[in-house]
Amino acid sequence: LPGQEEELLALVKGADKLSALIKCIQEENLGNREFSQARQGLRQALAEMHLPEVDCFLEEFLPSYGLSLDELQNN
């Protein structure tokens, strides 16, 4: 169905942007500040998508990508 295809495409685009955002966070965690601007742009683009699934991931799961292994174990 056409509506379902559009919804699926939006979810795939959201997942792709989430993957890119995670990559930016990982690079920044390694000290590579060249990804800072890309991270900000991706974060804004994801917020503008207004997808509940993306919003949930950003709120519930994304913060852990900025934690060290010790911090993850303590949470």
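The values are calculated or read from the model by the stated rules, or taken from the named source; none is laboratory data. Note that the coordinates shown come from a computational prediction; the quantities given were computed from them, not determined experimentally. A quick note on method: Cβ atoms are made from the backbone with ideal geometry, for glycine too, and the neighbour counts reach across all protein chains shown. For accessibility, only protein heavy atoms count, side chains too; no ligands or nucleic acids. Shrake-Rupley method; radii C 1.70, N 1.55, O 1.52, S 1.80 Å.
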Open item on the list: Could you check region 40-62 and list, in sequence order, the residues that are more than 17 Å from E7 (Cα to Cα) and either touching a His at 6+ places or on another chain (Cβ under 6 Å) or loosely packed, with under 11 Cβ neighbours inside 10 Å (or both)?
Closed with: Q44, E59, E60
Task: Pairs with Cβ under 7 Å, 6+ apart, first in region 39-54 and without any contact (Cβ under 8 Å) to a residue 40 or more places away in the chain, second of a type in the set (V, I, T) - done: R39/I25; L46/V54
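Take the conditions without any contact (Cβ under 8 Å) to a residue 12 or more places away in the chain, assigned to a helix (DSSP H, G or I) and of a type in the set (D, E, K, R) and apply them to E34. Does it pass?
yes
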TODO: Quick one: in region 1-31, of everything that is part of a helix (DSSP H, G or I), among the aliphatic types (A, V, I, L, M) and more than 16 Å from G66 (Cα to Cα), which residue is least open to solvent (accessible area, probe 1.4 Å)?
DONE: A10
TODO: Scan region 55-75 residue by residue and report those that are in a helix (DSSP H, G or I) and free of Cβ contacts under 8 Å to residues at least 12 places away in the same chain.
DONE: D55, C56, E59, E60, P63, S64, L69, D70, E71, L72, Q73, N74
